1. So which lysines pass the test for LYS229, namely a Cα distance under 29 Å, with those fewer than 8 places away in the same chain ruled out?
2. Relative contact order for segment 6-98: what percent, with Cα pairs under 8 Å and sequence separation of 6 or more?
3. Where in segment 77-98 does the amide nitrogen come within less than 19 Å of the point 7 Å from the Cα of ARG13, taken along Cα to Cβ?
4. Order 162-172, 86-96 from most to least packed using the mean count of other Cβ atoms within 10 Å.
5. I want to check the label-to-label distance for TYR46 and TYR6. Put each point 7 Å from Cα in the C-beta direction and report it in nm to one decimal.
6. Measure off 7 Å from each Cα along the Cα-to-Cβ vector at SER108 and ALA146, then give the distance between these two points in nanometres to one decimal.
7. Quote the FRET efficiency, to the nearest 0.05, computed for MET131 versus THR31 with a Förster distance R0 of 41 Å and r equal to the Cβ-Cβ distance.
8. Be a star and scan segment 154-177 for residues whose amide nitrogen sits under 20 Å from the point 7 Å along the Cα-to-Cβ vector of GLN195.
Amino acid sequence: MAVGQYLVSPNGRYRLVLQSDSNLALWDGDTALWAANNDQPYSSDYVHQPFKMTRLYVAGNACLEDSLRQRQWQTFGNVTKEDQADRCHLVVQDDANVVILDILPVYSSAHVDLQAGTLVNIIPPGTSLEMGRQYPAGNFFLVFQADGNLVVYTKAGAVVWHTNTYGKDAKTAVMQGDGNFVIYSSTGVPLWNTQTGKFPGAYAQLQSNGAFVICTGVPVWARFGWEPKKTKSRPVFYPDHTDPVENGTDAFPTYFHIGYEF
């Protein structure tokens with residue numbers, strides 16, 4: 001993040017701004033709520049750092065290089081895996097928390113990189129797909145067809161991926177609480193699954209790159225409510241209020257972002 005750039009919470013209320021004075025500040029409208037300095041728990045300032053430009057980046061931890069004050073502000077959080085620096089990203093939540101997340105895909109229909117903040121359609125644990133309904137993300141959509149097949153299509157109607165469960169009496173497609181996504185027959189026989197039953201709390205998502213993915217989200221640092229290696233988090237799935245079905249009286253709401261409570 002360069003000077004003048006900012007992150008916005010999904011509800012549009014909060015902005016995390018890298019300011020021209022080299023401060024990283026969180027704003028609620030015209031009110032400053034927080035600034036990144038060594039008063040923040042689980043972070044440190046390192047002074048006498050001869051930076052030529054101010055920038056913020058995330059590589060497992062968040063790092064602010066402050067050229068005006070010649071300091072480096074850095075968070076220190078939990079370590080999930082050795083390669084977490086390749087996956088972690090910083091988000092501003094609807095509750096004004098600033099969180100660093102490690103989003104780990106435990107199943108993917110396609111090994112295609114997805115940039116943080118890219119549009120997804122989220123299927124929380126405990127959710128069954130409505131047969132025949134389209135779940136869109138970008139130029140793709142996911143549908144559990146009447147013939148029992150779970151398919152990802154392009155908007156133009158080309159098949160990108162499917163579970164090959166057509167003609168097998170498949171009647172239910174569910175994201176289970178144990179982390180497994182399973183397609184069952186009308187008699188309860190499992191016909192297909194993602195083999196991710198060891199990841200309780202995992203969720204499914206269709207991504208705007210066409211991949212159907214099972215993810216686990218792990219907060220590794222947060223502005224408030226979080227302690228290293230002690231704090232358990234609870235995901236909160238926010239409905240997609242742009243979806244006419246979600247705004248109606250029908251079941252099967254869609255979700256487009258997740259927050260974490262501690």
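Each reported figure results from applying straightforward, stated rules to the coordinates on display, with no laboratory input. Not measured: the values here are computed from a predicted model. Every residue, glycine among them, receives a Cβ derived from its backbone with ideal geometry; neighbour counts consider all protein chains shown.
1. Partners within reach: LYS81, LYS198.
2. Working: 177 pairs, mean separation 24.4, N = 93.
Answer for segment 6-98 is 26 percent.
3. Those under the cut-off are 91-98.
4. Packing order, densest peptide first, comes out as 86-96, 162-172.
5. My value for the distance between the label points is 2.9 nm.
6. 3.5
7. 0.30
8. 161-166, 174-177
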